[in-house]
Amino acid sequence: MAILSITSINKFPMAVAMLLLGLVVANFGITGAQSVQKINRMRIYDPNRSVLEALRGSNIEVILGVPNPDLQSLANPSNAASWVQKNVLSFRSNVRFRYIAVGNEVSPVNGGTSGFAQFVLPAMKNIYNAIRSAGLQEQIKVSTAIDMTLIGNSYPPSAGAFRDDVRKYLDPIIGFLAYARSPLLANIYTYFSYVDNPRDISLPYALLSSPSVLVWDGSRGYQNLFDALLDALYSALERAGGASLDVVVSESGWPSAGGSATSMDNARTYYANLIQHVRKGTPKRPGRAIETYLFAMFDENQKNPEVEKHFGVFFPNKQPKYHLNFASERMWDILAEYNVTAADSLISNM
């Protein structure tokens, strides 16, 4: 595809630069993201006014997040309309919005997020209706991000299915996404799958470094766990009436320290292999490039447990941990997450 226009990160305040906590892998062209100097996309998990103001006129596409604690308020149509007016429409003339991600990893069976579950779909519908009232439903897609704990069966990939106890929550969301022609956002980590089951999952399979097929599912051969997990999700969506949906892998990464199987070499291997792999599609959907976000740009010293602090591709001083080959035929964009605590810690560590 044609190369998209590129905006220098140096145009942004330092606070905005330090909010870049992820690296997008996307199939859209070319940019030199290995120097962290140019970006085409940012993801903000909170509608922070200073960040949105800084984005005016930048030509950067924005994925705007709705924090989980805000979902209950936005289940009210009037509140959702006001939210869209304040955080989207008032910036629409010179800020390019790509997605609105309504909630992140909400699960009706996870005690930490279960209280938000009843509000996800109403908030999605209300935000969508406000976007549609402005005639922007084809330009700005409304979705939500899930994690793989909602999958009850993932092996073999063709047997992928959601847990029975989340179907009442998830099936209506899938139906809405199909109606709105929006992708599902999913956070997929082969690292956590591997450390939970190292007896049955080999490290090369999780690191996308196996030289040959290790798992056969009928006529489909799987050489890595990333493809197997994504295809299991596609199978689960098909069983839940979502065969038409695309999946955007909204997070994927490998920590360099802090836990089992963590090392600089393993993290470098995973990121480098994923970078090269996502253009190819999966055995279930071959030849269809996968929009994938590498997590994260910087280490975050405020996170727990310890392993969560070490997903950065870059150190907090913006020096790269590893050399990653951003091939000349690809485009690499930046994913940004706004988190006050993380931002403060990153700035203080510079």
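The values are calculated or read from the model by the stated rules, or taken from the named source; none is laboratory data. Note that the structure is predicted; figures quoted are calculated from it, not measured. With ideal geometry, Cβ positions are generated from the backbone for all residues, glycine too; neighbour counts draw on all protein chains shown. Heads up: the accessible areas ignore ligands, DNA and RNA and are worked out on the full protein's heavy atoms, side chains in. Shrake-Rupley method; radii C 1.70, N 1.55, O 1.52, S 1.80 Å.
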>> How big is the dipole moment of the stretch 137-199 about its Cα centre under a simple scheme where the beta carbon of each Lys and Arg is +1, that of each Asp and Glu is -1, and everything else is neutral? Debye, nearest 20, please.
In response: 60
>> Please report the net charge: other residues with Cβ closer than 14 Å to the Cβ of Trp216, K and R +1, D and E -1.
In response: -1
>> Show me, for the stretch 201-214, the HN-Hα J-couplings you get by feeding each phi into the Karplus relation (A = 6.51, B = -1.76, C = 1.60, θ = phi - 60°), rounded to Hz, glycine and proline as x.
In response: 10, 7, 4, x, 5, 6, 8, 6, 10, 5, x, 8, 5, 10
>> Quick check: from the Cα gyration tensor, does the stretch 256-301 come out rounded (a/c under 1.5), prolate or oblate?
In response: prolate
> Taking the Cα centre of the stretch 103-212 as origin and charging only Cβ (+1 Lys, Arg; -1 Asp, Glu), how large is the dipole, in debye to the nearest 20?
Replying inline: 340
> Given a 1.4 Å probe, how much area per residue of the stretch 264-322 is accessible, in Å²?
Replying inline: 40
> Does the stretch 152-209 come out rounded, prolate or oblate, given a ≥ b ≥ c as the square roots of the eigenvalues of its C-alpha gyration tensor, rounded meaning a/c under 1.5 and, failing that, prolate meaning a/b above b/c?
Replying inline: prolate
> Based on the alpha-carbon gyration tensor of the stretch 68-193 and its eigenvalue square roots a ≥ b ≥ c, which shape applies: rounded if a/c is under 1.5, prolate if not and a/b is larger than b/c, or oblate?
Replying inline: prolate
> Considering only Cα-Cα distances, which of the following residue pairs are longer than 30 Å: Lys86/Lys168; Lys86/Lys280; Lys141/Lys168; Lys280/Lys321?
Replying inline: Lys86/Lys168; Lys86/Lys280
>> Could you compute the net charge surrounding Leu230? Neighbours are other residues with a C-beta less than 9 Å from the C-beta of Leu230; K and R count +1, D and E count -1.
In response: 0
